[in-house]
Amino acid sequence: MNILSIGGSDPSSGAGIQSDITMFSKLNVHTLTAITAITSQNTSSFGIVEPVSPKILKKQLESLFSDFKIDGIKIGMVYNAKLMKVIYQQLKKLKIPIVVDPVIKSTTGGKLLEFKSVKDFQKYIIPLATVLTPNKFEAEILSKIKISSKNTPETVAKTLQKMGAKNVVITGIEENNNKVSDFVLEKNSMYMISDEKISKINHGSGCTYSAAIVYSLVNKKNIKESLYFAKKFTHNSIKNAKKFGRGIPITNIENKKSIEEELSSAITKFTKINGIYKNIPECQTNFVFSKQKPKSTKDVLGISGRIVRAGKNVIVAGNLEYGGSKHVATALLAMNKKYPQICSAINLKYQNEAISKIKKSKLVVSNYDRNKEPQDVKNKGSTIKWGINSAIKNSKSCPDIIYHKGDFGKEPMIIVFGNTPKNILKKISKITR
């Protein structure tokens, strides 16, 4: 995957081109860059800006387009009108996701967009946007409308959409002391996305957010899915921000993939397994992944709907949410209590052929009999927990797979357990090959 970042150079690597390279590389993306300006800044203060010439920006873009298949583009700092015109001419015919992060000033106070070039930004850059991601301040500058009780975020977003942006996200609209919300305007819908407020000034969160959106769009996620992914991804990077210099902490992305990104990637791979539709049960499938030491289903990430069979294909119906799964998540919690390393699980259709393959492999298998389920357990609706506990009660090693053959009106089922979603996929390969 190749993603192009067009923007300014930040020598502190807190934002701009350097921030994008850091983030994309941790997501196994090859980052292409076209630099629009050189800045002198650090985590404490902002110095000066020196934009590159239109000629060298054009040559950068031409050299990239002549050699690489570019899957998506993020546009950040574009300082003046001459550079905006070059970008527009080079990108206007492209049919790939383009996310525009209209940076106007840096966290440390530096001016990143000439005031006299705002009209040119509206004319040349906004129309390129698959998604436009201004914060509240930037949205007000670009729309020339102050958000208030009279002029709602919807009014401002519609004004920006009329300038040519297909989708608009106005970030940082605070509802109360504990929540920060983003207003989203798609072509035919509008909604809010909220998350807990982190009272922490940081450098680079806007860059991380817009980069995460284009990454998700390139991975064929829709707008809403991409925004939720980017919101969570950015939230985690702010929580993990580190003070590398003497000033403001810089957003920090952990080397390991986020739980959301890792599960999403595994689900995509699962749906592409040849013939996997044969392993989807009547009740459909859920794939879950949890944090370490989950205490309830709210700590377990799953699909709010299901992975469903559609002819000879399988599709994901729903979004990833904590608490999105009940039954598979409950099975995981029961297993995790005895075997804390187990943090992922998936349910598959029970088939004699599958069980035969499992037993011939080196996977550890256990099972339970639903006919032996006590009536009081049935009355409490805690069958899954009872079943898993029964299967592992006397186990000497952690089972890879637990199955049951059903009961009256209850479908037989196989549940595959693993440390990670990637580990689950390896085990599934032994069943489906």
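The values are calculated or read from the model by the stated rules, or taken from the named source; none is laboratory data. Treat the numbers as computed from the prediction; the structure is a model and nothing was measured. Here Cβ is always computed from backbone atoms with ideal geometry, including for glycine, and neighbour counts include all displayed protein chains. SASA here: full protein model, heavy atoms, side chains in, ligands and nucleic acids out. Shrake-Rupley method; radii C 1.70, N 1.55, O 1.52, S 1.80 Å.
Does GLY418 meet the test of being among the small types (Gly, Ala, Ser), closer than 22 Å to ILE276 by Cβ and touching an Asp or Glu at 6+ places or on another chain (Cβ under 8 Å)? It is true that GLY418 is among the small types (Gly, Ala, Ser), closer than 22 Å to ILE276 by Cβ and touching an Asp or Glu at 6+ places or on another chain (Cβ under 8 Å).
Scanning the range 345-399 for residues that are in a helix (DSSP H, G or I) and closer than 23 Å to PHE270 by Cβ returns ASN352, GLU353, ALA354, ILE355, SER356, LYS357, ILE358, LYS359, LYS360, ILE384, ILE388. What do you reckon, is SER366 touching a residue at least 24 places away in the same chain (Cβ under 8 Å), touching a helix residue (DSSP H, G or I) at 6+ places or on another chain (Cβ under 9 Å) and within 16 Å of ALA331 (Cβ to Cβ)? Here the answer is yes, as SER366 does meet what is asked.
Results for (1) open to solvent by 20 Å² or more (accessible area, probe 1.4 Å); (2) modelled with pLDDT of 85 or more; (3) among the aromatic types (Phe, Trp, Tyr); (4) over 18 Å from GLU321 (Cβ atoms), shown as yes or no for each residue.
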| position | (1), (2), (3), (4) |
| --- | --- |
| ILE213 | no, yes, no, yes |
| PHE229 | yes, no, yes, no |
| ASN236 | yes, no, no, no |
| ILE253 | yes, no, no, yes |
| THR268 | yes, yes, no, no |
| ASN279 | no, yes, no, yes |
| GLU282 | yes, yes, no, yes |
| PHE287 | no, yes, yes, no |
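How many residues are small (Gly, Ala, Ser) and surrounded by 15 or more Cβ atoms within 10 Å (Cβ to Cβ) if we restrict to the range 356-380? Give the derivation first.
First, the residues of the range 356-380 that are small (Gly, Ala, Ser): 356, 361, 366.
Narrowing further to those that are surrounded by 15 or more Cβ atoms within 10 Å (Cβ to Cβ): 361, 366.
Of the residues in that region, 2 qualify.
So which residues in the range 289-312 are touching a residue at least 40 places away in the same chain (Cβ under 8 Å) and polar (S, T, N, Q)? SER290, GLN292 - these are the residues of the range 289-312 that are touching a residue at least 40 places away in the same chain (Cβ under 8 Å) and polar (S, T, N, Q).
Annotation: of all residues in the range 381-401 being among the small types (Gly, Ala, Ser), surrounded by 13 or more Cβ atoms within 10 Å (Cβ to Cβ) and closer than 16 Å to ILE358 by Cβ, the one that is modelled with the lowest pLDDT is SER395. Filtered by the rule that a residue be of a type in the set (A, V, I, L, M) and either free of Cβ contacts under 8 Å to residues at least 40 places away in the same chain or closer than 19 Å to SER189 by Cα (or both), the range 124-155 gives ILE126, ALA129, VAL131, LEU132, ALA139, ILE141, ILE145, ILE147.
The residue that is modelled with the lowest pLDDT, counting only those in the range 402-433 that are over 29 Å from the mean Cα position of the chain (by Cα) and assigned to a strand (DSSP E or B), is ASP407.
Restricting attention to the range 132-146, the residues that are modelled with pLDDT under 95 and crowded, with 20+ Cβ neighbours inside 10 Å add up to 7.
For the range 303-349, filtering for residues that are open to solvent by 60 Å² or more (accessible area, probe 1.4 Å), under 24 Å from TYR277 (Cβ atoms) and among the polar types (S, T, N, Q) leaves 1.
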